[in-house]
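Shown next, in structure tokens, is the structure this report addresses.
No value in this document is a laboratory result; all are computed from the given coordinates. Because the structure is a prediction, the values reported are computed rather than measured. Note that each Cβ is placed from the backbone with ideal geometry, even for glycine, and that neighbours are counted across all protein chains shown.
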Amino acid sequence: MTTTLTKDTGSKAIIPLPPTTARIGAVAGAVVAFAGTMMPWTWTSAYPGDLTVYGYPAELQVVTLTGALLTALFALSGLGIRGLTWLTPGGKSSPVLLFALGTLGTVGYAMGSISYQLGGVVNLEPGAWISGVGALIAAVAALGLPAEVAPDEYEPNLWHRLRAATKAPEPGRSTKELPAWLEIVVIGVSFALGLYVFAYCIAAEAELFIGALITTCFGAAAVSRAGLLARLTTLTTKHRNVTMAAAIVAAACFPFTQTDDTYALIGANILIFTTVALGLNIVVGLAGLLDLGYVAFLGVGAYAAALVSGAPTSSIGVQFPFWAAVLTGAGASLVFGVVIGAPTLRLRGDYLAIVTLGFGEIFRIAMQNLNGNTGPDITNGSNGIPNIPDLEFFGFNFGESHEFLGTPLGRPSNYFFLMLIVLVFVVLVFRRSGDSRIGRAWVAIREDETAATAMGINGFRVKLIAFALGATLAGLAGTVQAHLQSTVTPEQYQFANTVPPNSAFLLAAVILGGMGTISGPLIGAALLYLIPKKLEFLEELQLLLFGLALVLLMRFRPEGLVANKRAQLQFHETDQLDVPDQRLPQDTVSVTKAGA
Amino acid sequence: MNTMTTTATTTVLDASDVTMRFGGLTAVRSVSLTVNSGEIVGLIGPNGAGKTTFFNCLTGLYVPTEGKVSYKGTVLPPKPHLVTQAGIARTFQNIRLFANMTVLENVLVGRHTRTKEGLWSALLRGPGFKKAEAASHERAMELLEFIGLAHKADHLARNLPYGEQRKLEIARALASEPGLLLLDEPTAGMNPQETRAAEELIFAIRDQGIAVLVIEHDMRFIFNLCDRVACLVQGEKLVEGTPETVQSDERVIAAYLGTPFEGAPGAEEVAEVEAAEAAAPGTDSRTEDPK
Ligand SMILES: Nc1ncnc2c1ncn2[C@@H]1O[C@H](COP(=O)(O)OP(=O)(O)O)[C@@H](O)[C@H]1O
Ligand SMILES: [Mg+2]
């Protein structure tokens, strides 16, 4: 950060206040906001969640309260209060601002939503105003905290300076070494927290969901600016297997947190979506191949499994055991992957994107036309193949509810666990193949195909392996999907649609989440599934909002939510700390494109 | 040096009558060149002479219009990965590292042809895979030590200074255990100290028994380094010989100074270019170097 200190704008705050005053102001504002949550926000329980009770905050108020509490804690941590300083190894100002903005956003949303739903601002009780004003005070005071990062621009305007105020320097290396058991506990607690937030959001009503989402998003940004995420990442990279185990345990706990089968079903569907997104990440993120029809491979797997499932309407009257169905589905996708890939991967450029886009549509239309009318009767056309029987392993029927540890786990939970196993398998495949000779060859091809072939890499072969592997993994997920949904129809496998997974959403999940990472597509897919699901009232605007969100994200965080270290350095080169900022000559790129 | 004196000199590279045409432009015209084991051969010539194009023909990046290239007696197919597999490694005039991979990973990619672990062994992670990975890492670190970049193994290639990027490219090429190394202007953009260091490096490489063919503009560099020099002008090999003979050759001097000369090969091209330039003043893109 030496460069930032030399610029004179470096430590100026947006609102000139003495730093200590600003910090105390932020704490005071947070306390006021906290106090407001103890009072009713509206007079009638007609608004969902009942925000009318004194001294007993309703859920939306609890979310606000949490935000206020965290604002205060991080503000105090910046004051150097003992026992709290560990909270902010990185930025000390921007986390406060972000938490305060999150709280303000949540209260603001609640007030707006109450006024809108109940027909006027008169429906707000003083408690709401108190919380709102408190959050506003906290946010304004946080703007008085000294900025820690100077704006990139030479003549920064207010917007540039606001953006800079939400940024923070990377934390330095940790000086204190924690005992190993404590590090593992920290990892475990983090995943438990993640599970809690996820389970909370999935079961929330729309109003609460939006409030929680606002707080969570700002909170996640704040925690990352505070440097806690970087600290956690060092721990998780140090204990990779522990992290993996903790993640699996946290995910496996999810069905136990849900009493309602619909939420478990959402969970299972999210797992399918994430698994397929991760498979696509091998193709797009590692090998750099743009596949616009990836969902068709999911469809191939699903249709293959449906045909051999013994469903009454299946044109092949056989019932394979599940392992054979899995092999059939994955095998069919592999074959299609090779058939599509072999002719196109020899060419460079955008051919693959066009061909895969076409293949996606051809698959859907072919499934529609193989109905006995416009073609041979194989797939029942647009009716699809319904009544796919539930799986049964050794007498364990997936369709029935089973008691486990005193909790009844219904049909969706059974599939949730099966899908979790598939996801773990795909994660392992991603990790192992990525970190090997073949994985390095993929990345090399993505970086510079000419140089890669000059280093002895057979580009065609290596790309075909990536493409076929991605297709196979999607087919594998498809076999489970067919049984979970018990119906396959052509309409499930479109390029763009409001229901994920579809090719556009899959690609978006990978890009949003972070290309080439494991956690990125997982988070991206979960968000992309959950948000449209929860905000069904926005149905008509969904795709528009989705597009808007993508544009904004590409503008402000092109590397995705979870940046892999490479991408981060690639897109924000000036953020590099310890190495000189010397790049390859700029014209290399253009010459590369012109051909060898 | 030891390897050179003990083994009898054999022809490593034998390019005969290599011609490369791009539409109407003949970038390389019937060039023959041999490189023997233990030799450092220089390739000089003004910008746009076709040196890089000749390299691309040798390494299979371009399919030569005519002529053939053989390495240690076998004719090479014009496929870059097969050429590298056979034992010819190269660097690029405009550095082409894998910019977003680490220094170590760049060198590991260079080991691609000398390892064979496929997808299955990567997924199953048997003992063979681990052994091969460990061996690759060890060899890559040795190479990084050799060029003096071991302490930067974890840095991204794009963040290295220019001179170190050039060195890394050489290490990456060496990782494929070549018998012949092609260097395309390895000292371009380097200061004199770095150039001297590069000379040392190339000598050290030769002493490992690797023949070197190097394109260079720095005459002092060529003089110090090369056993034999060939000069390419307008796609044709003008002269070949010891550095002294080539440097004192009138035609070479003329070519470098840009004076037209009568009767020499390529004169019609010169005339053609001049005619074109006269027709469209201010466009001399032909002599510009595209790579
Ligand atoms: N891919 C290509 N297409 C068309 N012309 C090319 C191509 N590559 C090189 N050339 C031409 O070949 C000639 C020789 O270029 P080059 O081999 O790069 O020269 P040098 O490396 O000796 O400076 C130049 O006139 C250049 O414009
Ligand atoms: Mg050149």
Rg and Dmax of the range A:88-130 over Cα atoms: what are they, in angstrom?
14.3, 46
Quick check for me: using +1 on Lys/Arg Cβ and -1 on Asp/Glu Cβ, what's the dipole size of chain A about its Cα centre, in debye to the nearest 20?
1600 debye
On C-alpha positions alone, give me the angle between the axis of helix B:267-279 and the longest principal axis of chain B, in degrees, nearest 10.
80 degrees
Express the C-alpha Rg of the range B:9-73 as a ratio against the empirical globular expectation 2.2 N^0.38 Å, rounded to two decimals.
1.11
With θ set to phi - 60° and the Karplus curve 6.51 cos²θ - 1.76 cosθ + 1.60, what are the ³J(HN,Hα) couplings of the range B:62-76 in order, to the nearest whole Hz, using x for Gly and Pro?
10, 8, x, 5, 9, x, 9, 10, 10, 10, 6, x, 10, 6, 8
When you look at the Cβ of every residue in B:124-132, what mean number of other chain Cβ atoms sits within 10 Å?
1
Going down the list A:LYS463/B:LYS130; B:LYS130/B:LYS152; A:LYS12/A:LYS92, which pairs span over 19 Å between their C-alpha atoms?
A:LYS463/B:LYS130; B:LYS130/B:LYS152
For the range B:1-159, go through all pairs of different Cα atoms, get the mean of 1/r, take its inverse, and jot down that Kirkwood value in Å.
18.2 Å
Report, in cubic angstrom per residue, the convex hull volume of the C-alpha atoms of chain B.
155 Å³
Please rank A:ARG411, A:ARG557, fewest neighbouring Cβ atoms within 10 Å first, as an exposure proxy.
A:ARG557, A:ARG411
Could you calculate, for chain A, the ratio of the Cα radius of gyration to the Kirkwood radius, expressed as Rg to Rh?
0.99
Env charge @ A:ARG23, Cβ radius under 14 Å, K,R +1 / D,E -1, value 0
Peptide A:430-437 - average C-beta neighbours from other chains (10 Å radius)
5
Amide H contacts of B:LEU238 (H built 1.01 Å from N, under 5 Å, at least 5 apart or other chain)
B:CYS231, B:LEU232, B:VAL233
By average Cβ neighbour count within 10 Å, what is the ranking of A:368-376, A:85-93 from highest down?
A:85-93, A:368-376
Computed over the Cα atoms, what is the radius of gyration of the range A:19-233 divided by 2.2 N^0.38 Å, N being its residue count?
1.06
Extension gain A:THR407-A:THR44, at 0.36 nm per residue separation less the Cα-Cα distance, in nm?
127.1 nm
Inter-chain shielding metric for B:97-107, i.e. average beta-carbon neighbours from other chains within 10 angstrom, reads 5
Hey, what number do you get for chain A at 222 nm if only DSSP H runs of n ≥ 4 count, each worth -39500 (n - 2.57), divided across all residues, to the nearest 500?
-20500 deg cm²/dmol
A:ILE362 and B:MET141 label points (each 7 Å along its Cα→Cβ direction) are spaced in nm at 5.0 nm
Estimated dipole of the range A:156-309 in Debye, rounded to 20 [Cβ of Lys and Arg +1, of Asp and Glu -1, Cα centre]
820 debye
For every other residue with a beta carbon closer than 12 angstrom to the beta carbon of A:ARG431, add +1 if it is Lys or Arg and -1 if Asp or Glu, then tell me the sum.
+2
Place a point 7 Å from Cα of A:VAL249 in the direction of its Cβ. Which residues in the range A:171-193 have their backbone N less than 19 Å from it?
A:179-193
For the pairs B:LYS51/B:LYS79; B:LYS72/B:LYS131; B:LYS116/B:LYS167, flag any whose C-alpha to C-alpha distance is greater than 23 Å.
B:LYS72/B:LYS131; B:LYS116/B:LYS167
Fewest to most Cβ atoms within 10 Å: A:MET455, B:MET101, A:MET111 sort as A:MET111, B:MET101, A:MET455
Can you compute 3J(HN,Hα) from phi for each residue in the range B:40-51, using the Karplus curve 6.51 cos²θ - 1.76 cosθ + 1.60 with θ = phi - 60°, rounded to whole Hz and x for Gly and Pro?
10, 10, x, 10, 10, x, x, 4, x, 6, x, 5
Report the Cα-based extents of the range B:97-176 along its three principal axes, largest first, to the nearest Å.
39, 22, 20
Evaluated at 37 °C with a viscosity of 0.692 mPa s, what Stokes-Einstein diffusion coefficient in µm²/s does the range A:66-183 have when Rh comes from the Kirkwood expression over alpha-carbon pairs?
202 µm²/s
Under a plain spin-label model, where a point goes 7 Å from the Cα along Cα-to-Cβ, how far apart in nm are A:ILE354 and B:LYS72?
4.3 nm
Distance-filtered residues of the range A:413-443 - backbone nitrogen under 15 Å, label point 7 angstrom along A:GLU400 Cα→Cβ
A:414
Which FRET efficiency value, to the nearest 0.05, is calculated for A:TRP129 and A:ILE421 with the Förster distance at 45 angstrom and r the Cβ-Cβ distance?
0.30
Could you list B:LYS237, A:LYS463, B:LYS68, B:LYS51 in order of exposure, starting from the residue whose Cβ has the fewest other Cβ atoms within 10 Å?
B:LYS68, B:LYS237, A:LYS463, B:LYS51
So, in nm, how far is label A:GLU491 from label B:ALA134 when the simple model puts each one 7 Å beyond its Cα toward the Cβ?
5.8 nm
If you put +1 on each Lys and Arg Cβ and -1 on each Asp and Glu Cβ, how big is the dipole of chain B around its Cα centre, in Debye rounded to 20?
1440 debye
Rg and Dmax of the range A:366-524 over Cα atoms: what are they, in angstrom?
19.7, 61
For chain A, take the longest principal axis of its alpha carbons; what is the angle in degrees between that and the long axis of helix A:261-281, to the nearest 10 within 0 to 90?
80 degrees
Could you tell me the calculated FRET efficiency between A:LYS176 and A:ILE24, based on Cβ-Cβ distance and R0 = 45 angstrom, to the nearest 0.05?
0.95
Between 0 and 90°, nearest 10: helix A:503-513 axis offset from chain A longest Cα axis
40 degrees
